[in-house]
Every structure is written in structure tokens, then in C-alpha cells.
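Structure first, commentary second.
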Amino acid sequence: MIGTLGWIVLGLPLLGALVLMAFGAKEPPKRVTQLVGCGSIGLAFLATVVAFFSMLSEHAEERTHVSRLWEWIDIGQGLKVDLAIRIDQLSIMMMLVITGVGFLIHLYSTEYMAHEDGYRRFFAEMNFFVFSMLLLVEAANFVFLIVGWALVGLASYLLIGFYYDRPVAVAAAKKAFVINVLGDIGMVIACFLLVRELGTLDYDQVFALAPQFIPAGGGVALSIALLLFVGAMAKSAQAPLHTWLPDAMEGPTPVSALIHAATMVTAGVYLVVRTHVLFELSPLAMNIVAGVGAFTLLMAATIAIAQVDIKRVLAWSTVSQIGYMIMATGLGAYASGMFHFLTHAFFKALLFLTAGIIIHALHGEQSLDKMGALRKPLRFAYFAFATGCLAIAGVPGFSGFFSKDEIISMAAAQGTYGWVLFGVSTLGAFLTAFYMFRLLLRVFHGTEPEGGYHGEFHMSGAAMTVPVAILTVLSIIGGWIQVPFGWKKVTDWLEPVVGGIPQKVNADGTLTAVGHVAAEPSHNLEVITISASLAVALLGILLAWYIFANGPERRLRISARHPHLRSFLEDAWRFDEVYDETVVLAGRASGDGLRDHVEPKVVIGAGRGVQELFSDMARFMHQIQSGLVRTYAVALMAGLAAVAVIFILVSR
Amino acid sequence: MNTSVLTPFLIVSGAGVLALLLGVLPARRAARMLPTATGIVALVAAIIMSRVQWGGPDETALASNYLSDRFTLLLDSILAVIGIAVLLLAWRESSSADKRGEYAGLILLSVAGMMLVAAAGTTIVLFLGIELFSVSLYILCALETWRSRSLEAGLKYLIVGAVGSGILVYGLALLYGATGTTVLSEMQHALIDGDMLRDPLPIAALTMIVVGLGFKASAVPFHMWTPDVYDGAPTPITAFMATGTKVAAFAAFIRLFSDSLLGMFDDWRLPVAILAAVTVIIGNIAALLQPGMKRMLAYSGVAQAGYLLIGIAAGSVAGVEAVLYYLLAYTAMTMAAFAVVVMREREVLDGDQIGALRGIGRSRPMMGVVLTLAMLSLAGFPPLAGFIGKFMLFGAAVDADLTWLAIVGAVGSMISLGYYLKVVAVAWQSGPPVDDTTYRTPRSVTIVAVVSAAAIVLVALFADPLLTLCSDAAQGLIGTINR
Amino acid sequence: MNALAHAAAVTGVPHSSYIGLSVLLFAIGLFGVARRRNPLLLLLSVELLLNAANVALIGFSRYWNNSDGQIFALVVMVVAAAEVVIGLGLVVAVFRQRRALDVDEMTELRG
């Protein structure tokens, strides 16, 4: 039954997308679009809930359901790929968030996008995205994982570039796509290696055979894990493949909420947790994963301090929080990572949607410089946003406190390297509290911006406020399912999937453990870490209060004193410029004389740099294609000579 | 001598001659369609004959010049389908009104030549087949004599093609000199038994054969004729070249390299791999920024030849199987793309330009869907046929210790998104359509478009039975040598 | 006395001469294609290429003492003839349009 439900959940958004796409040139009435677009996700959510409760009533060991629809490919040499889905504790958790939060955001969008052209197109693309994401998490083998992965990338491209008549948006979409495809390649190569080593791509088989046939700590294990992680880095915007996420804010706000906060960017976390057996075979890879997560969380937090666009602050905050999740998975604390995913989905969606309410009220204004003293006119938004900030800052009682602190505690418990990570993540927590409250205070406290507000605030209706209210509640109570020194519902739930150490059967029949379980922090250690993160959170809030609460004088003074630091942070550590220069150097080194000297580009950076390199190469080739027959014939002969040389060299 | 195995070839070539003669009849209403109709009937009959012979044992005819194994039969069917599609695309094309007989007849003879290549048992027949289809194509390219570009395409193809053929035949001559036989199955023995492997003669032969066949397949740097010829030729003929020539060229590659020359695998493995890598990279880059569909598809075809060469370089049964499967997928998606171009050209002036496709997602949603499927599949987007084909090709390379080549292929696919997706984006842009024509696309073109698009999906969906089919065909070839 | 020696004794042409001649012809043909601008002369050079192969085939046929090579050479001759006929037809068609016989002027198709 659960298997069938799984197919229904997968099929409903796809059906919704197809129906909406089928309308073609004539736009249907708004009501119809809303009904189909939201209804499909709503029904999918209901089906997921039914499946979840059904699962709850089963024993822990019986909760894995694999449903095969079709045996798709069966090549003699043993590679079987079925059209199959897998509903277990991990996937149902993801499904609940995707359909649940997704439904709330769809509801919100019915009003938010009401003035836009392409209303129907928006919902069709959003439904398509939900379908792709569900395919990704419900896949029972690597092939469908990759299919879902690629389709999610396509959906993201379509939605970031929704305002396709704006070149900035189109460029951002292309950049996201290019970086994502890089990740895709890594994953495909990892799959090739899996086929070569194990001969199968089915999850159950791979995870059973891998400890047996892939030597732990060896080069193959490292390669597979790192290649998979490249895919995770690209999708989850971890350094150095993170540059696309802030630019992705060119998409509509609901898109940022759903895709670039709650779901798609967490696909990387899901991947590492799902394939944790493969990662555990290479301790070095795990350390790299944790290190990348830690570096990213810190870097992104520093950049968020200096951003002026409300959505960009939230974007960099997302990169940072995902860094926490990735770091957790690198430490082996999978349940902690997934717990933070859950709470983050709640409060980040809340923050984005509330930001949308603010932007909506101000008729499209997104810059902090044009905001201030909004807590009286936008009371509801104020409370909602404040809740989100308290949650993300890790104030006790709110959801973020429980999940983030758990990760920090787990870090501290893992030896020396763990202490370093503990330090980094605690510093990150300080910065998180600081920049989030900076955001809150600059928007809602302080003074009105220069020139005041023009015109009436455009207040939001029920369709927008109700989802925000629900998310507010969830951001508070959502964390209480896993409490330090108390019950651990998430860990218990995921235990059958991620707990347990992979075992290898030796020649004499004994078992050896490959991989390890993350060490649990002791009682005292947890007290220390909780106190530390509490302290830094309060410190961050106080510092933000001091600088930002009462108008712009203090902050302008401080930023005037550190212009270089400020611009370095504002330009996001100049990653884009570095990429661009590297590409330019490569282009010059390859002797491409047609390329002009390129000034560092600030806005679009790497994506455009790469594009220009290829464009110049393409134009060069078109020039060679002169139209003269004799040139072609001579090229033929030159090729003959070249091939002959190669042959001679090879035969030696 | 078993002549019944020759029936597919005889039917098609006979029909070709018949069509030429029928073209001479005065152009009354019914008679105008006669050559084309004859062609379609003959090709259908050829498919049926191939199907009938499928289960039977491998046969040879004409003193082992003509081989009729499962490989031949599979390719005969594919080539016949290509022929039917091209005849349908050219149906009612006003330009060929007075040359119907030649048009249909030459297409049939060309297909017959390709069939001969697939069935070649000796290098003589291989060369004969290649020349038969090539020479027919030279004329077909130039058939629209009132357009100087068509004539230019034909003459360029002929000149460069003749050079390529000259190199190929010289290589075949050297191969004969090295082995003393022209029979493919006997060659492998001669090359292994004899102490020939270090001899310059077989190496020189290999070099020239690779170049000659590489020219036909549009590998870099022998590809320079492809964009010009594809651009200038009448579009249905371009579609024919894009699909049929590739199939025939790779059939020749497989016949030679997976059978007789397999013994020299260590010698040609790396050069072919390098050729593949260069072709993939340069083909994909040059396709960027092309404003015209036919030229873009020409360069894209160059890149696709690169992917296919990856499968050849693997030198294994898995590689050949992947090549055959990809040829199936490639035929479907290329035919679909060209069908859309043919349709657009008839409606709009300069219909070849990518800009002319703007907004057809709205004005002609079915064509928009066909085009999107074709572009996405060509780019290797999952879960369409192109993705599976590339997965199999690159997988075969990894298996054969050519992982670097698989990576090059993947990078090339990534670059190719730059031009395929651009077409998709243009097609679905809203805004005023380029024209507001009420010209109705001839049903024949629509049929080709829809069937090809459906084939893209079906080839993906039924990947397993098709892969088994290709595997069967491949097994029949790699008989005696154990590597 | 074996057949090969017999053949050699009769005509006295060593095997390597055949190869040498064919290579020479091939090289001249390639050179001609590269240098010539008149399409008729291009076709001539192409003929040279094909006939170079023929010479090689016949030489090898003598060396291996079987008839395969000669059969092949006959086929090549037929094909070469057909190719030339079509080539000439195309050249005439082009000439009727442009009144020029210079392949370097045929550059409408480019890029």
C-alpha cells in the first residue's frame, strides 16, 4: 500500500504540470490554475501523510518499501535497472517536507504571483520541480537518482530564469545550470565506477556489496565518495561551487523559498546521507566533506553580514546553514544533519515568505537601504520574521536551537579535528545571530529610510499570511521532537537507515567493521557546548542591537572605518572574479589571439567568463571554415599526416 | 550460392532503377507520385524481407562478398526506415517536381549502397557500397540546380569526397598488400598469424583507412565539408546525409575494426580514441553560436560522430552494442529535428534560421514538442534515448580502461547544452510569432516528425529489448577472436 | 621455379617499383588537389589518386599471386569513371551558372 502511495505522490505533481502545460496558448482562468497547481501538491501531501502514519504503525525493521513498476534494463552482464521507488524512513521525511512546505508555498504564490504574466507557466514549472525533487528522493537506484537530479536542475533553470526578458535573470539561470551540470558529471562518473566495481546500481545491492568488495580507505572508495560529493557540492552550493545561489535570487521569491532554501539545495545533504555507506568506506572523504561544510558555513556567514539586498542575505544564510548540515554528515552525525534540514526548511521558508510579504508591501523594493521602522505598519510580518530570526539564531525554545546545537555538540565530540570544527561552527553561530538580527533590526527598527515611504503599503491577504503563520508555529514547535538530555525522535526514526556500521565478511567468516559511528558527546560536553552556543548567540544579538537598532549613524561610522573589509565581503570574497581571471588566463594561454583583455566582472563573473571563452573559440572556428574547397582538402591531408604521426608514435 | 539473402539489396536497387525509368513518364496526376511511391513500397518490402530472415543462420553469398548476418539485417531495417522518412519528407516538395524520378531513384540507390556497406564481406564490396551511396549523394545535393548553393554543395562534396575515397581505397589497397586477401574474415588470421604487427605496411593501411572512413563519418579534422554541404543541399537530403551516411560509415567502421582488424587493436585503440576526443570537443564548440539550423545540426552531427567513435575505440562487444543502440536513437532524434526544419522552411522565408523557430511552441505546439524532444535527447538529457545511448557508450569506454575518454565525452555533452537549449528556449518564447501563415504542413512531414519523436521516447522506454537486439547483432560479428 | 620468380624473370620489374610508382602518383595527386583551382584539373588529380591505388593493387596482386587485387582494381576503375562523369556534369552545371572555372570563387557556403 505504501508503495502505491509512493507512486501516487510522485505522479500527482507530474499530472498537475502536464495539465497546466497542455493549455498552450490560451490562458485558463486563474481559479483553474490555482486549483490544479495547488491541488496536485496538496493531494500529494495528504497521500504522504497517510503513508507516514501507515509507516508509524509498522515495526522499525519493516519500514523499507521498495516498489518496482517495471524492469527497465537488464543487460546480460548483470546490470539491472528497474523503474523502482523506495519509501523508507529517510525518503518519507524528505517527502513530507517537499510536499508539505511545497504546498504552503504554492498557496502563498497564488496571491504573490497574481499580478505576473505567465501565472500558469509558473505553476506548471513549480509542479514540475516538485515532481523532479520527489523523483530524486524516491529513487531506488542511482539511475533514477541521476534522472531526478538532472530534472531538478532543469526545473531550477526554468524557474530562476522565469523573468526571461531580464538578461540578469537569464544569465543567473545559465550560471546555475552550468555549475549544476558539473556536479552531474561527477555523479555520472561515480556511477560508472560503481558499475565497474560492483556491477549494479540498485541501492540495496550497492550498499550491501560495497563494504565487501571495495577496500576501505582505498583510492576507489575515495574517488567514488568525492565524485558523488562534487554533485552534492554543486547542488547544495558548497564552496567552491556556491557562486550560483546568490545570483539565483533573480527568480521570484516563492521560488527562492521552495527551491533555494527548503528543498533543492538540500539534495546534496540527502545524497550524502543516503549513500553514507560509500562515504564511510573512506575516512579521508568524510573529513573533506566536514571540512568543506565548515569552511562554507563560515565564509557564507561573513559575506551575509555585508549584503544589502534582503534576499541575498537570506541566500548566503542558506549557504551557511547547509554548510552546517554537510559538516554534520561529514562527521557521521546523519540524523543531526537531517534534523537541521527539517528545522531549516521551516524557518528558512518562513523567512523568505515573510521577506516576500515585505517586498510585496513595498511594491518590489528589496534593498535594506530603503527600509526601516516597519514594525508598526507590518506587525504580522514583524512577528513572523522575528520568530524566524530567533529560530535561526539558536535561541532556546525555538527549533533552530535544538538542531544547530546538536550539530555543534557532535562536532566537539569527535576528537581534535572535531574541536576545530566546533570552533568554526560556534563562530558561525555568532555571525548567524549577528547578521540575522542586523536584518531584522534594519528592516523593522531604526528610522525610516531617506525620503520616507511613498504610497500605501500593499498589504497581503490570507493566501499569503496563513502559510506564513503555519510556518511560524512550526518554527517554534518543530524543534521539540529532538531535545538534548531528552528524547531523540529523529535519531530513533532514522536509526534503521543510517545507524549501524557497515560490516565486511572476511575469508574466515568473521566480520570486520568498516566505517565508524559518530561518537556521542558526553553529558558534560553537551552542557559546555550548549552554554557556548547560547553565549555567542546572545553576544551576536546584543552586538547587532548596539549597531543597528537605532538608526544608521553607528553602522555607517563602522563601515566607513573598514572599507576594504566591507567591499571584500560584499563582493563575496571575489570568487567570481577569481574564476573569471583563471578562465581568462587559460584562454590566453591557449593562444587565442582574438580575446581582448577582460576587466574583472563583478556581477555575473564566472558564468559569463566561461561563456565568452567558448564563444570566442566558436567564432575562431567559423573563421577557419572559409568555404574554400582546397582548404578542406588540405585539412584532410594535414589530418592524414597527423593521424600517421600518432600511429607511428603509438606503435613504437 | 544463396541468392535469397540478397533480396533486401536487390529490391531496393531494382526499385531505384525502376524509379528512374518511371520518372521519364509524362507528368500526369497519378504518375507524378509513382517514383516516390515505388520507393516507399520497395523499402517496406526490404524491411519485411530482413525481418523474415532474422531468425535464420548467418549466410554468405557471392563467394563471401556479401554477408547476411544479424548485423546486416538490423542495419538494413534501419537504413530502409531512413529511406522511407526521407522520401516522405521530400513528398510534394515543389522543387523536385520535374526531377521526381531522379530524386526517388537516387535516394533508393544510395540506400542500396549503404546496405551493401553493412553487408560487406570483402573490402571490394565495402568500397563499392561506399562509392555507390556517395556518388548518388553528390548528385542529390546538387539536384536543385537553380540554387547556386546547391550546386556548390554538390561539387564541394564531390571533390572533397573523392579525395577521401582516394585515401580510403589506397588504404584498402595497402591492406590487401599486407594480408594478401580482400576477404574480411580471412584478414584477421593473416594479421595475427603473420608477423605483421610491427610492419609499416599494415600501419600505413590502418592510417589511411581511419582517415578515409573518418572523412565519411565527419570526424575532425576531416569534417570541414560537412557544414557547407549540409547547409547547401536540399533539406530532406541533408536529413538523409545526417542519418544515413553516419549509419553507413559506422557500419563500415564496425565491419572492419571489430572483425578483421581486431587483431591490431593495440595499434589503433589510442589513435581512434584521440580522434574521438578531438571530434567531440571541436564539434561541440563549433556548433555554438550558429544562427542556422542546418549548419548547427551539421556541427552537432560532427560531435555525435565523436561520441560514436568512443564506442568504436572501446573495441569490445559492449562498445559495438552501444554504437548500434546510439545509431538507433540518433536516427530518431536527428530525423525529428530535420522534420521540423523542413516544415519551417516551407512556411517561412529563411526558415532555416533559428530565429524563424521563435514561438512555434505556441503557434504549433506539436512541432514545438517534437523539436524539444529532439534537442533534449541530442543533448543527452535523461531519461531520453540520447542519455541512455551516451551512458552505454561512455560505460563501454570506462570498461575498456578509457575513462579519460568518457570524461571528455561528458564534458562535450555539457558544452552541447549551450546550443541545444538555445533552440528550445527560442521555440518556447512567447511574444509575436515570426509570421502568421496559414500554410498547412503537408501531412507527410508531420508523420515523419511525430513518428520520429515517438521513436525517441520508445527507444528510451524499451531500452532493454533494443539493447538485446543490438547485442545479438554485435555478437554475430565478433566471432573468432578472444581478446 | 615458383610463380613469382617466374613472373619477375619474365618482366624483370621488381616489386618495390610498383609501390614506389603508386606512392609517387598518389603524392602528385594530393599535390594537385591542393594547388589546382580549375575544377577540371582537380578532377584530374583525383583520378591520379585512384589510379595510384590501382597500381598498388596490381603490384600486390603480383606479389601475392592471386587475382583479388586485379578484381579490386577493375572495380576501382569503374567507380572512378562514374565519379568523373558525375563530376564533369556538375562542373558543366556550375559553369552554366557562373561562367567561371575557379573553385576558390565558390565560397557562398562558409562559417
- Give the residues of the range A:174-183 that are touching a residue at least 40 places away in the same chain (Cβ under 8 Å), hydrophobic (A, V, I, L, M, F, W, C) and touching a Phe, Trp or Tyr at 6+ places or on another chain (Cβ under 9 Å), sorted by residue number. A:176, A:178, A:179
- Inspect all residues belonging to the range A:214-221 and state whether any of them is touching a helix residue (DSSP H, G or I) at 6+ places or on another chain (Cβ under 9 Å) and within 14 Å of chain B (Cβ to nearest Cβ). yes
- Query: Condition test on residue A:542, is it among the aliphatic types (A, V, I, L, M), at pLDDT 75 or above and surrounded by fewer than 16 Cβ atoms within 10 Å (Cβ to Cβ)?
  - Reply: yes
- Note on the structure: Filter the range B:265-281 for residues that are among the hydrophobic types (A, V, I, L, M, F, W, C), modelled with pLDDT under 90 and surrounded by fewer than 22 Cβ atoms within 10 Å (Cβ to Cβ); the one that is farthest from residue B:310 (Cα to Cα) is B:265
- Message: Given the condition at pLDDT 80 or above and over 18 Å from residue A:273 (Cα atoms), answer yes or no: does some residue in the range A:200-210 qualify?
- Response: yes
- Working only within the range A:167-187, note down all residues that are at pLDDT below 85, surrounded by fewer than 21 Cβ atoms within 10 Å (Cβ to Cβ) and away from chain B (no Cβ under 11 Å). A:167, A:171
- Quick count over the range A:394-423, residues being under 23 Å from the mean Cα position of the chain (by Cα) and either surrounded by fewer than 22 Cβ atoms within 10 Å (Cβ to Cβ) or of a type in the set (Asp, Glu) (or both), is 2
- Result of the Cβ filter at 8 Å on the range A:363-374, keeping first residues that are without any contact (Cβ under 8 Å) to a residue 40 or more places away in the chain and more than 12 Å from residue A:446 (Cα to Cα) and partners that are of a type in the set (A, V, I, L, M, F, W, C) and assigned to a loop (DSSP other than H, G, I, E, B), at least 6 apart or interchain, is A:365/A:371
- Looking at (1) crowded, with 21+ Cβ neighbours inside 10 Å; (2) assigned to a loop (DSSP other than H, G, I, E, B), which is the one condition that is false for residue A:190? (2)
- Query: Which one of these is among the charged types (D, E, K, R) and at pLDDT below 85: B:321, B:345?
  - Reply: B:345
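Residue by residue through the range B:137-149, note down the ones that are crowded, with 24+ Cβ neighbours inside 10 Å and more than 7 Å from chain C (Cβ to nearest Cβ).
Going through the range B:137-149, the residues crowded, with 24+ Cβ neighbours inside 10 Å turn out to be B:137-138, B:140-142.
Within the range B:137-149, B:137, B:140, B:141 meet the criteria.
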- Scan (1) out of contact with any Ser or Thr (no Cβ under 8 Å at 6 or more places or on another chain); (2) within 12 Å of chain B (Cβ to nearest Cβ) for the single condition residue A:190 breaks and write down its number. (1)
- Taking the range C:82-97 as the region of interest, how many residues are away from chain A (no Cβ under 14 Å) and either in contact with a Gly (Cβ under 7 Å, 6 or more places away or on another chain) or of a type outside the set (Val, Ile, Thr) (or both)? 8
- Tell me, which residue of the range B:178-198 that is at pLDDT 70 or above and assigned to a loop (DSSP other than H, G, I, E, B) is farthest from the other protein chains (Cβ to nearest Cβ)? B:181
- Considering residues that are touching a residue at least 24 places away in the same chain (Cβ under 8 Å) and surrounded by fewer than 14 Cβ atoms within 10 Å (Cβ to Cβ), the number found within the range C:81-101 is 1
- Message: Every residue in the range A:568-578 that is closer than 14 Å to residue A:303 by Cα and free of Cβ contacts under 8 Å to residues at least 40 places away in the same chain, please.
- Response: A:568, A:571, A:574
- Message: Here's a check for you: in the range A:621-639, which residue that is more than 7 Å from chain C (Cβ to nearest Cβ) and of a type outside the set (Gly, Ala, Ser) is surrounded by the fewest Cβ atoms within 10 Å (Cβ to Cβ)?
- Response: A:623
- Query: Within the range A:375-394, can one find any residue that is touching an Asp or Glu at 6+ places or on another chain (Cβ under 9 Å) and farther than 19 Å from residue A:449 by Cα?
  - Reply: yes
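The values are calculated or read from the model by the stated rules, or taken from the named source; none is laboratory data. All figures in this text were calculated on a predicted structure; none of them were measured in a lab. Here the Cβ is made from the backbone with ideal geometry for all residues, glycine too, and neighbour counts use every protein chain on show.
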